[in-house]
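Bear in mind that the values in this text are calculations on the coordinates, not laboratory data. Just so you know, these numbers come straight off a predicted model, no measurement behind them. Methodologically, a virtual Cβ is constructed for each residue, glycine included, from the backbone with ideal geometry; neighbour enumeration extends over all protein chains shown.
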Ligand SMILES: *[C@@H]1O[C@H](CO)[C@@H](O)[C@H](O)[C@H]1NC(C)=O
């Protein structure tokens, strides 16, 4: 009860962030004054797709917990705004101005700034016990456009997800983007007729590419971003993209692929990552990120990110447990790998709870 009460209190404290002309929330909120603002670097005062698009699961659950529909209304309005906007080539730009309600720069990414928006469309449908058909349609429309415009195959036969900048492709894939393998596989059995196997295979291809990005380093943990141009494949070419900060997305994808296919290679690949973490990241006080995954010398960054415990180790634990631990039919992992139950949190359920 204490945590339920605190969760709802926090939700209420966040509501002023939605006081914008469009209802698209600010990125930042002064908790004392209730005044919102956006990141100074974000295109023309825009809010960020992966931020305002990654509230849906938690806010729907808050309405369920509290019996107060306000939280659900706020996130359903975000969806309405997005549905009413024209999307370039069917794609969702990373930037949306909350004052004008119009897109900012036409940059599209399944990695940083975009990633968890797509994840939450799929998981909104799953968490609603597959009753939220609007989320399902938005998800499959979005990934179809992504496949057409962003997904490419290298000359060496590796499938990757590029970044889209105003119609031009940057042939770079971020470590963050590796989560999409698991996402494609998780959604596969809801795919439009005849596409289930296709999306499962697409998930497997992304998993294989991300494994290659790990396997082509010295420490067998992957870089922050890897490229497919200038004769390289799945390798970081810039010094400032060679770091590994204990990120979870690759083992996350292995976990979903394992659960959904039981192909033993996913446990093998995950164990390679476990051994690499033990060999190269373990230090006296815990685990450290690395500045250069290609270097033969130690390159600790001396930081243990909070997502290492919340996500990286949790996904590994689930991957090496039996399927009846946290079955995917009953639990949804939010974007930080915290668990939410699958429930019918539609209007009716909220009403019932209220009584
Ligand atoms: C991983 O790299 C090693 C060499 O470092 C190579 O022998 C092996 O075939 C690679 N595995 C895969 C699956 O590419």
Among 339, 200, 113, which one moves the most in a GNM of the chain with springs linking Cα atoms closer than 10 Å? 339
How compact is segment 81-120 by the rule of thumb for globular proteins, expressed as Cα Rg over 2.2 N^0.38 Å? 1.10
Taking only Cα atoms, what is the 0 to 90° angle, nearest 10, from helix 265-276's long axis to the longest principal axis of the chain? 80
Scale the Cα Rg of the chain by the rule-of-thumb value 2.2 N^0.38 Å and send over the ratio, two decimals. 0.99
Would you kindly give the portion of the calculated P(r) for segment 198-242 that falls above 17 Å, as a percent of all Cα pairs? 34
Would you mind putting 307-313, 46-52, 86-92 in packing order, based on average other-beta-carbon counts within 10 Å, highest first? 46-52, 307-313, 86-92
FRET efficiency for residue 325 and residue 3, using Cβ-Cβ distance with R0 set to 30 Å, rounded to 0.05: 0.85
Acute angle (nearest 10 degrees) that the helix 2-14 long axis makes with the longest principal axis of the chain, alpha-carbon atoms: 80
What percent does the relative contact order of segment 274-338 come to when contacts are Cα pairs within less than 8 Å and at least six residues apart? 22
Cα extents of segment 5-74 along the principal axes, largest first, in whole Å, come to 37, 24, 19
Mean shadow of segment 1-143, computed from the convex hull of its alpha carbons, in nm²? 8.7
Degrees, to the nearest 10: 56-66 long Cα axis against longest axis of the chain: 40
Over all directions, average the projected area of the Cα convex hull of segment 289-345 and note it in nm². 5.5
Give me the mean projected area, in nm² to one decimal, of the convex hull enclosing the Cα positions of segment 131-238. 7.6
State, to one decimal in nm, how far the label point of residue 130 lies from the label point of residue 267, with both points 7 Å from Cα in the Cβ direction. 2.7
Semi-axes, largest first, in whole Å: what does sqrt of 5 times each Cα gyration tensor eigenvalue give for segment 239-307? 25, 12, 12
Under the rule a/c < 1.5 gives rounded, and otherwise a/b versus b/c splits prolate from oblate, where does segment 78-161 land using the Cα gyration tensor? oblate
So for segment 99-258, averaging the separation of alpha carbon pairs under 8 Å that are six or more residues apart and normalising by length, what relative contact order in percent results? 20
Neighbour-count ranking [beta-carbon atoms within 10 angstrom, fewest first] of 178, 210: 210, 178
Looking only at Cα atoms, what is the convex hull volume of segment 172-287 per residue, in Å³? 107
When only C-alpha pairs under 8 Å and at least 6 residues apart count, what is the relative contact order of the chain, in percent? 14
Would you mind ranking 43, 63 by Cβ crowding within 10 Å, fewest neighbours first? 43, 63
Can you give the convex hull volume of the alpha carbon atoms of segment 241-355 per residue, in Å³? 145
